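The values are calculated or read from the model by the stated rules, or taken from the named source; none is laboratory data. In this text, all values refer to a predicted model and were calculated from it rather than measured experimentally. Note: ideal-geometry Cβ built from the backbone for every residue, glycine included; neighbour counts use all protein chains shown.
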Amino acid sequence: MKNRFFHLLMIGTLACWSPQPIFAQTDVTETYLKNPSFENQFTDWENSGMQSQTNTSFQLKEGNTYVERWTGQGGQVADCHVSQTLTTLKNGVYKLTAAAQNIQQNSPATQSGAYVFAGNAQVAVGAANDYSLEFTVIEGQATIGFKTENATGNWVACDNFRLYALNNDLAEIQEELQRRIEKGQALVSEKMQKDVLKELNAALEAARQELNSTTDDNMAPVAIRLRQATEAAQTSIHAYQELQAAIDKSLEAYGDGTLNGAAEFHAVIQEAQALAENLDANAEDLATAVEKLGTALLAFRIANPTGDTPAVVTDTRYARGSTMAFGRSTITGVPETELVEHGFCWSTEPEPTILDNRTTEYIENNGHIYVLRNLTPSTIYYIRAYALTKGYAVGYGDAIKVITIPKGTITWSYNNGGDAESNARINAAVGSAVEYWNNLTSIQGLHLSVNFGSGTPTADCRAPTPVTNAQVPSCTKWDMPSV
């Protein structure tokens, strides 16, 4: 049993607390939350980037386990979250409380970027404490949890989620619906697709009718419809705004139309302008227009460069698999500070340019090794290095011919014999390794069987051919085929 009496005594220290008296609260944690203190690791939780921990460093943990994200002192944790969607909730006002922290271990300063959240509400998390917030349910469900977004701390942790029902007053439930109506109504005057606007208006009208109801029996479907219509409207509005921003940027670059390639560039701009006024356009067409404008803008700029052009040499040494290739280059002739981009471009035709396909991704090993992805197996490509300056002067190295190999067909299975966390870790490790093999080799017809035994400190992966051992993170021991 969790020690809830202690946490009730701590109510005065909560970061955000309900004005309701304590005796008005009803603890509904066991009714709706599953595994609220992570005693079964991440079972029933959606986890992205957090780890379970059983030490005593987080002093507010309840039971044996809490969850955390940590990096070295002075660093900042990456974005992560853990969440659970609670269903069959009765409409009403609830309070969520969780033990949490977001700290920088080498500084007493308050950190930012971590939150306990429920529905549309959230409360910022700083020093180790209980954090609470109130939220109103009108859809019969809500997602609760902990998240970081650009957090400044190097150690975040959470545990012991608790849920309290405060009241199911119809007036407060209708107030939440009214807030959502106002949010949706504020979008009506914005540019969006006709069918999206039609559904938004219909959802708003249904919600207004629901405000006159004397019960909340039909509230959930009305609220869900309004939320979905509002989200669709926001997406549509953003698509038109993104296209208009691309048009404005292109018009600024176009200027008086006297530069090289102006006629071709202007034709693309006009096409985009016509689409921006078409309220029957679909989302894919709007996104394609933005991409097309971006390509046309780049082509226009590199047709009218300023400043020195980099001297680029493509290293004739390369590596390639079925869907990936790797190359090196040397760049001279301009200061490194003048470069805005450098990488490799490729095409199935000789003399590729950055208007075909390009990558700036690289790994560091005695210099940059550029990574080309999403190639087609068994295909002839031409690849070459490039460098682009702030003045859009682009320098190219010589093109080299690269032929990708057939894609591997390795398959695998795992008996999922460990706990939930171990299974997730091993599945991810094996899946990732096999994906690399298939994208970098042509191994055919091999199946790997992975097994987990309780008390065995390794996970064994067996292949039906002679094998050698190699170490793989998160899966400790493999037997890999000799190639």
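Okay, residues lined up against (1) touching a Cys at 6+ places or on another chain (Cβ under 8 Å); (2) in a loop (DSSP other than H, G, I, E, B); (3) within 26 Å of ILE269 (Cβ to Cβ):
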{"site": "GLY184", "(1), (2), (3)": "no, no, no"}
{"site": "LYS191", "(1), (2), (3)": "no, yes, yes"}
{"site": "GLN209", "(1), (2), (3)": "no, no, no"}
{"site": "ASP217", "(1), (2), (3)": "no, yes, no"}
{"site": "GLU231", "(1), (2), (3)": "no, no, no"}
{"site": "THR235", "(1), (2), (3)": "no, no, yes"}
{"site": "ILE247", "(1), (2), (3)": "no, no, yes"}
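ASP44 meets all of the listed conditions (1) on the phi < 0 side of the Ramachandran plot; (2) in a loop (DSSP other than H, G, I, E, B) but one, namely (1).
The single condition among (1) at pLDDT 95 or above; (2) assigned to a loop (DSSP other than H, G, I, E, B) that ARG69 does not meet is (2). Of the residues making up region 404-414, not a single one is out of contact with any Lys or Arg (no Cβ under 8 Å at 6 or more places or on another chain), part of a strand (DSSP E or B), closer than 30 Å to THR330 by Cβ and outside the structural domain of GLN51 (by the TED database). TYR254 fulfils the conditions (1) within 30 Å of ALA203 (Cβ to Cβ); (2) over 32 Å from the mean Cα position of the chain (by Cα) except for a single criterion, (1). The C-beta contact set for region 176-204 (first residue farther than 26 Å from GLU134 by Cβ, second residue among the charged types (D, E, K, R) and in a helix (DSSP H, G or I), distance under 9 angstrom, 6+ apart or interchain) comprises GLU199/ARG225; ALA202/ARG225. Give the number of residues within region 303-324 that are surrounded by 19 or more Cβ atoms within 10 Å (Cβ to Cβ) and in contact with a strand residue (DSSP E or B) (Cβ under 6 Å, 6 or more places away or on another chain). The total comes to 3.
If I ask for residues that are crowded, with 18+ Cβ neighbours inside 10 Å and free of Cβ contacts under 8 Å to residues at least 40 places away in the same chain, which ones from region 226-248 would you list? Passing the criteria: only ALA232. Would you mention how many residues in region 401-432 are surrounded by fewer than 17 Cβ atoms within 10 Å (Cβ to Cβ), within 22 Å of SER322 (Cβ to Cβ) and touching a residue at least 60 places away in the same chain (Cβ under 8 Å)? Within region 401-432, residues that are surrounded by fewer than 17 Cβ atoms within 10 Å (Cβ to Cβ), within 22 Å of SER322 (Cβ to Cβ) and touching a residue at least 60 places away in the same chain (Cβ under 8 Å) number 3. Comparison of THR441, THR409, THR404 shows that the only residue that is modelled with pLDDT of 80 or more and in contact with a helix residue (DSSP H, G or I) (Cβ under 9 Å, 6 or more places away or on another chain) is THR409.
Applying the criterion of being surrounded by fewer than 23 Cβ atoms within 10 Å (Cβ to Cβ) and of a type outside the set (D, E, K, R) to the residues of region 146-160, the residue that is nearest to GLU46 (Cα to Cα) is ASN160. Of everything listed in (1) over 30 Å from LEU446 (Cβ atoms); (2) among the hydrophobic types (A, V, I, L, M, F, W, C); (3) at pLDDT below 95, the single unmet condition for VAL394 is (3). Residues considered: THR85, THR143, THR110. Of these, the only one that is in a loop (DSSP other than H, G, I, E, B) and surrounded by fewer than 23 Cβ atoms within 10 Å (Cβ to Cβ) is THR110. Within region 71-122, track down each residue that is under 20 Å from the mean Cα position of the chain (by Cα) and more than 30 Å from ILE224 (Cα to Cα). Passing the criteria: THR71, GLN76, VAL77, ALA78, SER112.
Return yes or no: is ASN47 in contact (Cβ under 8 Å) with a residue 24 or more places away in the chain and either crowded, with 19+ Cβ neighbours inside 10 Å or aliphatic (A, V, I, L, M) (or both)? Spelling it out, ASN47 is indeed in contact (Cβ under 8 Å) with a residue 24 or more places away in the chain and either crowded, with 19+ Cβ neighbours inside 10 Å or aliphatic (A, V, I, L, M) (or both).
Candidates are the residues of region 303-357 that are of a type in the set (Val, Ile, Thr) and in a strand (DSSP E or B); the one that is farthest from ALA393 (Cα to Cα) is THR316. The C-beta contact set for region 358-387 (first residue closer than 15 Å to THR404 by Cα, second residue basic (Lys, Arg) and in a loop (DSSP other than H, G, I, E, B), distance under 9 angstrom, 6+ apart or interchain) comprises PRO377/LYS407; SER378/LYS407.
Restricting attention to region 186-216 and to residues that are within 30 Å of ASN282 (Cα to Cα), polar (S, T, N, Q) and more than 29 Å from the chain's Cα centre (by Cα), the residue that is surrounded by the fewest Cβ atoms within 10 Å (Cβ to Cβ) turns out to be SER189. Scanning region 362-397 for residues that are assigned to a loop (DSSP other than H, G, I, E, B) and surrounded by 13 or more Cβ atoms within 10 Å (Cβ to Cβ) turns up LEU375, PRO377, THR379, LYS390, GLY391, TYR392, ALA393, GLY397. None of ILE383, ILE405, ILE426 is over 30 Å from PHE42 (Cα atoms) and in contact with a strand residue (DSSP E or B) (Cβ under 6 Å, 6 or more places away or on another chain) except ILE383. The residues of region 56-70 that are among the aliphatic types (A, V, I, L, M) and under 26 Å from the mean Cα position of the chain (by Cα) amount to a single one, VAL67.
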